[in-house]
Amino acid sequence: MDKYYDEDNQIIYNCDNLDLLKNLKSNSIDLIYCDILYNTGKVFDDYNDNIGDTDYAVNWYKKRIIEMKRVLKDNGSIFLHCNWRLDSYMRILMDEIFSPSCFRNRIYRRHSKERGFYRNFDSQVDIILYYVKDPANFTFNEIKSETEKVTPLFENGYIKERSKSVNFNGTIVDFKKLNKHYLVSKKELMRLYKNNEVVLIDNLPYRRSFIESVGNLWDSEEMLDNYSRNKVSDTYDTPKPEAVVEKIIKTCSNEGDTIADFFLGGGTTAVVAKKLNRKGIYCDINKKACDVTIRKLKEIQ
Ligand SMILES: C[S@@+](CC[C@H](N)C(=O)[O-])C[C@H]1O[C@@H](n2cnc3c(N)ncnc32)[C@H](O)[C@@H]1O
């Protein structure tokens with residue numbers, strides 16, 4: 001497969017991503033982020049966001065996602081950025097290809113402020129589906145907090161495997177009787193307790209930690225689409241803000257890791273990956289996307 005660009009560990013291919021994917025080695029990528037075609041039917045200056053009807057689109061993605069799973073390392077993660085048109089279909093497809101246990105979260109990214117939708121709720125978010133290849137082994141760089149957080153390690157409702165009686169140093173809590181369950185496995189609960197990371201309040205377990213919890217609603221100003229921030233000088237249609245990709249790459253990969261984006265567009269992923277000292281493999285079927293990205297990569301010192 002011919003490379004279109006290969007410098008500073010950033011490799012770009014100008015071809016159909018399915019052809020590239022079939023030629024990539026298995027277990028070679030740490031993190032995939034793809035801002036896929038939403039299938040809006042819109043024809044942009046730079047590309048046509050029209051795959052076909054939903055069945056056809058899902059089938060089109062199926063071939064590609066099977067390959068994405070194959071090329072992902074065993075401890076790798078994948079993020080698919082889509083919107084309300086396809087997100088539920090993609091969720092089912094991802095469950096089928098990866099397994100429901102590999103689903104980690106659905107991130108809501110606010111893309112716009114008020115847009116003037118009438119007789120409906122203003123559609124202001126898109127969706128990023130987050131899966132890992134192995135739910136027992138994946139990269140997630142947590143953020144340390146200055147202050148201690150104390151959060152409940154239980155919730156209401158009985159779950160057979162998580163509502164057993166637990167002996168906390170002589171205090172026996174019968175979760176089944178309380179109609180509650182603990183949020184981690186019993187083994188993990190006891191490990192945390194022995195490690196002094198669990199405190200009992202009113203005989204119920206709370207986790208003590210110095211980790212910031214990061215929510216799945218991403219709605220800060222820097223995450224908004226460029227046009228919503230009145231930043232109009234884009235060189236390619238529909239760019240994602242760097243802040244979105246930066247958060248994903250920083251959290252779910254480490255320096256030196258290999259990032260891939262098979263729907264590269266104007267190169268946001270490549271720019272962020274290079275700035276964060278990650279290697280990259282990218283693909284776009286449109287030559288202009290590759291050229292715009294190369295120009296941006298060259299501008300980075
Ligand atoms: C939504 S845009 C990506 C925008 C990008 N995230 C950015 O920040 O600029 C999707 C891109 O996928 C590309 N694309 C569509 N079908 C493709 C295919 N089969 N193989 C490779 N690229 C494809 C389009 O040319 C388009 O540039």
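The values are calculated or read from the model by the stated rules, or taken from the named source; none is laboratory data. Given the structure is predicted, the values throughout are model-derived calculations rather than measurements. Cβ atoms come from the backbone with ideal geometry, glycine included; neighbour counts cover every protein chain shown.
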Could you say whether any residue in region 52-74 is within 10 Å of the ligand (Cβ to nearest atom), at pLDDT below 95, surrounded by 13 or more Cβ atoms within 10 Å (Cβ to Cβ) and aromatic (Phe, Trp, Tyr)?
no
If you check residue 158 against the conditions, is it without any contact (Cβ under 8 Å) to a residue 60 or more places away in the chain and assigned to a helix (DSSP H, G or I)?
no
Lone qualifier among 233, 209 - being within 23 Å of residue 81 (Cβ to Cβ) and either modelled with pLDDT under 95 or assigned to a strand (DSSP E or B) (or both)
233
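Do we have residue 191 as surrounded by fewer than 16 Cβ atoms within 10 Å (Cβ to Cβ), among the basic types (Lys, Arg), more than 16 Å from the ligand (Cβ to nearest atom) and part of a strand (DSSP E or B) here?
Values: surrounded by fewer than 16 Cβ atoms within 10 Å (Cβ to Cβ): yes; among the basic types (Lys, Arg): yes; more than 16 Å from the ligand (Cβ to nearest atom): yes; part of a strand (DSSP E or B): no.
Judged against the criteria, residue 191 is not a match.
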Quick one: in region 10-36, which of the residues that are in contact with a Phe, Trp or Tyr (Cβ under 7 Å, 6 or more places away or on another chain) and either at pLDDT below 95 or assigned to a loop (DSSP other than H, G, I, E, B) (or both) is farthest from residue 244 (Cα to Cα)?
14
Residues in region 237-248: is at least one farther than 27 Å from residue 14 by Cβ, assigned to a helix (DSSP H, G or I) and more than 13 Å from the ligand (Cβ to nearest atom)?
yes
Only listed residue being in contact (Cβ under 8 Å) with a residue 40 or more places away in the chain, among the aromatic types (Phe, Trp, Tyr) and at negative phi, chosen from 117, 140
140
In region 161-188, anything in contact with an Asp or Glu (Cβ under 9 Å, 6 or more places away or on another chain), of a type outside the set (Ser, Thr, Tyr) and in a loop (DSSP other than H, G, I, E, B) is listed as 164, 183
